[in-house]
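Notes follow the structure.
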Amino acid sequence: MLAFNITQFFLSLNHQLLPCIINKVRLDHKISTFFKDYLIGRKTKYLWNNFLSPFCSINIGVGQRSALSSILSALYLSPIFHIFEKCLKILKIPILIISFIDDGLFISQNKSISHSNINLFCSYNVMSSLLMRFGLIVEHGKTEVFHFSRLQRTFNPPPLDLSTIEGPILLPKNS
């Protein structure tokens, strides 16, 4: 299993792209308009006693603890995962992906650790490049690899070397 994190996920979202994604999945136009108004070109004024300020921009985007953050992140990541699945199908890489807002897990199940490492390496490479095209970056320093075994003896799997794709050399965590 390989776990990774997306750097500054909510701050890095392309707020112009999100309404396009919402339109692409054919949600009601009112929903797209709501999110466009919620994310893009927001302004406010302040009233203090008799003083009324001029309009000022408050493009704060998607806040990490916002009630809408998990919904918006799922919508934003859905085309990335769709493209990712197609790429893996073409490459015949049997990987399962699980996402937790700005974290992801690749799970490779194989009797051979070297095959699992190859599958995880390829998946990580494809996902990193897809995320980059969508304006998101994998936080390589937080990437971890775990190997699980049913063996009843000492289990010492090899590291996963991601250095050729600008990632770290991952020493498997004890599991």
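Tabulated data
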| read-out | value |
| --- | --- |
| Of GLY41, GLY104, GLY141, the one that fluctuates the most in a GNM where the chain has Cα springs shorter than 10 Å | GLY41 |
| GNM top mover of GLN152, GLN109, GLN16 - the chain, alpha-carbon springs below 10 Å | GLN152 |
| Over 29 Å [Cα-Cα, the chain], rounded percent | 35 |
| Positive-end residue of CYS20, ILE165, LEU96, charge dipole of the chain with Cβ unit charges | CYS20 |
| Pairwise FRET efficiency - ILE137 versus ASP28, Cβ, R0 = 25 Å, nearest 0.05 | 0.15 |
| Length added when fully stretched, HIS115-ILE165, from 0.36 nm per residue minus Cα-Cα | 16.2 nm |
| Where trypsin sites (Lys or Arg not before Pro) in DSSP loops with at most 16 other Cβ within 10 Å are excluded, longest remaining stretch of the chain | 112-149 |
| Efficiency of FRET from Cβ geometry, HIS82 and ARG150, R₀ 35 Å, rounded to 0.05 | 0.55 |
| Helix-derived mean residue ellipticity, 222 nm - over the chain, DSSP H n ≥ 4, -39500 (n - 2.57), to 500 | -12000 deg cm²/dmol |
| Computed E for LYS43/ILE90 - FRET, C-beta separation, R0 41 angstrom, nearest 0.05 | 0.35 |
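None of the figures in this text is laboratory data; all of them are computed from the coordinates on show. What you see is a predicted model; the values in this text were computed from it and never measured. Positions of Cβ are backbone-derived with ideal geometry, glycine not excepted, and every protein chain shown enters the neighbour counts.
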